Amino acid sequence: MRLHRLRTHVMVGDMTATKVSAGTGETSADVREWRELLARHADLTCALDRALQAGHSLGMSEYEVLERLAELPEHSAKVATIAKSVHLSQSALSRVIGRLEVAGLLERHMCSEDRRAVNVRLTDEGLQLQAEAQPTQRRVLAERLHAPLGKTCEPLPSTGD
């Protein structure tokens with residue numbers, strides 16, 4: 001089997017328009033759309049993280065967990081249920097829940113119906129912080145979600161956490 005040499009053409013300032021091919025020099029519409037989606041996701045994630053961190057000392061994933069719980073009638077759910085809605089791995093969600101618990105924003109409880117499961121419940125402080133952070137999250141979504149993709153957001157420098 002003979003491999004074709006891979007050619008790359010970069011259009012300065014717009015990596016979503018990069019053409020990569022195995023000989024034709026063309027990129028399919030699906031690949032271009034996929035790259036646009038990835039770029040928009042990265043931009044939104046970064047912008048949400050920056051705004052939520054600056055205004056409320058929350059990361060985007062932390063806010064998402066608080067919001068999902070705030071939307072429930074008793075502000076409580078099984079960890080496995082939350083994992084499905086926030087698109088985090090079980091281990092990533094466990095770390096987020098740990099940080100929120102240490103901050104006093106939620107509490108863990110054994111599930112009375114299933115001793116193998118763990119429930120989490122928002123504290124009053126967690127509910128209040130989610131309510132305070134919601135306008136920030138909604139503002140960033142309104143500003144960036146449907147706007148033309150410009151220069152992507154650069155993440156804040158790491159604080160060593």
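The values are calculated or read from the model by the stated rules, or taken from the named source; none is laboratory data. Please read all numbers here as calculations on a predicted model, not as lab measurements. Note that each Cβ is placed from the backbone with ideal geometry, even for glycine, and that neighbours are counted across all protein chains shown. Note: areas computed on protein heavy atoms with side chains; ligands, DNA, RNA excluded. Shrake-Rupley method; radii C 1.70, N 1.55, O 1.52, S 1.80 Å.
Just for region 50-75: of the residues that are open to solvent by 20 Å² or more (accessible area, probe 1.4 Å) and in contact with a Leu (Cβ under 7 Å, 6 or more places away or on another chain), which one is farthest from ARG116 (Cα to Cα)? Per the criteria, the residue is ARG50. Checking each residue in region 27-44 for being free of Cβ contacts under 8 Å to residues at least 60 places away in the same chain and either part of a helix (DSSP H, G or I) or surrounded by 13 or more Cβ atoms within 10 Å (Cβ to Cβ) (or both) picks out THR27, ALA29, ASP30, VAL31, ARG32, GLU33, TRP34, ARG35, LEU37, LEU38, HIS41. Output yes when any residue across region 119-140 is part of a loop (DSSP other than H, G, I, E, B) and open to solvent by 60 Å² or more (accessible area, probe 1.4 Å), and no when none is. Within region 119-140, none of the residues are part of a loop (DSSP other than H, G, I, E, B) and open to solvent by 60 Å² or more (accessible area, probe 1.4 Å). Within region 88-146, the set of residues being polar (S, T, N, Q) and farther than 18 Å from THR45 by Cβ comprises GLN90, SER91, SER94, SER112, ASN119, THR123, GLN128, GLN130. When you scan region 88-110, do you find a residue that is of a type outside the set (Ser, Thr, Tyr), closer than 29 Å to LEU38 by Cα, open to solvent by less than 40 Å² (accessible area, probe 1.4 Å) and free of Cβ contacts under 8 Å to residues at least 24 places away in the same chain, even just one? Checking region 88-110: at least one residue is of a type outside the set (Ser, Thr, Tyr), closer than 29 Å to LEU38 by Cα, open to solvent by less than 40 Å² (accessible area, probe 1.4 Å) and free of Cβ contacts under 8 Å to residues at least 24 places away in the same chain.
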